[in-house]
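One structure below.
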């Protein structure tokens with residue numbers, strides 16, 4: 001790879017990193033091209049040399065952010081089964097994750113926008129593909145037949161995202177911590193099949 005190609009790739013990565021950060025903090029609408037480029041230390045004019053549209057950027061950035069989060073969740077898992085699932089629940093439904101959206105999962109910030117008719121197919125496709133990966137990985141840690149494992153995995157993913165969303169919305173209140181604990185408890189019960 002030549003110097004020019006390396007620079008172009010570094011610039012593209014800077015744009016993606018800025019987009020991922022903004023998606024995590026502000027959602028899809030908060031990740032405007034102008035804000036993304038500003039966060040990357042670049043001018044708006046250079047955007048289209050790297051991405052065809054904001055929608056294309058959002059699709060790539062969501063894949064990257066969700067993939068990174070899943071790898072981070074599993075990076076400390078040293079076991080399988082209920083012990084591994086307990087680690088996932090504790091890490092995702094934690095005060096640290098709640099209080100640091102720029103470092104965490106973008107789901108709480110983007111899912112409500114992705115549900116609207118104006119949302120791009122790229123955003124929905126990225127969410128669907130990455131959540132399939134999450135469901136497959138989580139399901140592999142569970143006991144039972146494949147259909148039941150998938151059902152529980154999808155339910156736990158919804159619990160993780162919804163619980164974190166509510167906890168973030170109520171940050172600074174006692175109810176926020178209570179929601180995190182209640183979701184962890186419900187997740188443990190669901191994963192045990194209780």
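Structure data summary
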| quantity | calculated |
| --- | --- |
| Label zone at residue 74, where the point sits 7 Å out along the Cα-to-Cβ direction: region 138-154 residues whose backbone N lies under 13 Å | 138-142 |
| Rounded to whole Å, sorted largest first: equivalent-ellipsoid semi-axes of the chain, Cα gyration tensor | 32, 18, 15 |
| Per-residue Cβ neighbour rank within 10 angstrom, fewest leading, 109, 165, 18, 75 | 75, 165, 18, 109 |
| Principal-axis tilt of helix 54-75 within the chain, Cα atoms, nearest 10 degrees | 40 |
| Choice from 122, 64, 151 showing the highest fluctuation, given a GNM over the chain with Cα pairs closer than 10 Å | 151 |
| Within a Gaussian network of the chain (alpha carbon springs, distance under 10 Å), most fluctuating of 16, 166, 127 | 166 |
| Between 0 and 90°, nearest 10: helix 174-192 axis offset from the chain longest Cα axis | 70 |
| Reduced Cα scattering model of region 1-70, Debye log10 I(q)/I(0), q = 0.14, 0.24 Å⁻¹ | -0.38, -1.04 |
| Region 102-144 - Rg over Rh from alpha carbon coordinates, Kirkwood radius | 1.08 |
| Acute angle (nearest 10 degrees) that the helix 3-26 long axis makes with the longest principal axis of the chain, alpha-carbon atoms | 50 |
| Viscosity 0.890 mPa s, temperature 25 °C, Stokes-Einstein D of region 84-156 from Kirkwood C-alpha radius, µm²/s | 178 |
| Extension gain (nm, one decimal) between residue 8 and residue 103, 0.36 nm per residue minus Cα-Cα | 31.7 nm |
| Two-site label geometry, residue 181 and residue 56: point separation in nm, points 7 Å out along Cα→Cβ | 5.0 |
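Values in this text are rule-based calculations from the coordinates and carry no lab data. If you're wondering where the values come from, they're calculated on a predicted model, not measured in any experiment. When we count neighbours, we look across all protein chains shown, and the Cβ atoms used for this are built from the backbone with ideal geometry, even at glycine.
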